[in-house]
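Any read-out appearing in this document is the output of simple, stated calculations on the displayed coordinates, not a laboratory observation. Fair warning: this is a prediction, and the values are worked out from it, not measured in the lab. Cβ coordinates were reconstructed from backbone atoms using ideal geometry, including for glycine residues, and neighbour counts include every protein chain displayed.
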Amino acid sequence: MRVVTGLLAAIFLLGHVAASHAVVRIAGDRGGRIGTYVDKYQDLRNSGQSVIIDGLCASACTIVLGAVPHNKICVTSHATLGFHAAWDMGPDGRAVTNPEATHMLYLMYPTPVRRWIKRRGGLTRHMIFLRGRQLSGMYRPCYLDAQASSAH
């Protein structure tokens, strides 16, 4: 009985260790409602999980940059961040820029990202993309192939 109890305790402990090192991969995320992403990424931050950005992360998806600690985010060569002003639906059914939400969104970003956005004219109706060398200069690279091969 003691052996079984010890084995169950070890399995339980290893399960928690594995969970604390879990990774969330972001790719092909075009964004959505700001509030949904704030909640999602607060939960992610509280979980202690790391984030791999391995493709498109646009619009509200980019809130991850302010919600998750910098040292928990890495980017691959495929990572692309897309930024634009926040908007609401106007009474006529057309998109209308929301200056307050845009300012709040801008303040969520880390300083290097805000500087990059400002140099490109700020958050406007038009999407601007951060990728390649500029992005990898702000975030550590993920080495997915090296991680996969070291796991075998």
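Scattering from the stretch 23-151 was approximated by placing one identical point on each alpha carbon and applying the Debye formula without solvent; log10 I(q)/I(0) at 0.14, 0.15, 0.18, 0.19 1/Å stands at -0.60, -0.69, -0.97, -1.07.
The distance between label points at K72 and R25 comes to 2.0 nm (points 7 Å beyond Cα on the Cα→Cβ vector). Of the residues M89, M108, M127, the one with the fewest other Cβ atoms within 10 Å heads the list, and the complete ranking is M89, M127, M108. Label positions at W87 and A101, each projected 7 Å from the Cα along the C-beta direction, are separated by 1.1 nm.
Counting only DSSP beta bridges whose two residues both lie in the stretch 23-151, roughly 35 percent are antiparallel. Projecting label points 7 angstrom from Cα along Cα→Cβ for Y143 and M127 puts them 3.2 nm apart. Averaging the sequence gap over all C-alpha pairs within less than 8 Å and six or more residues apart, then dividing by the number of residues, gives the stretch 23-151 a relative contact order of 24 percent.
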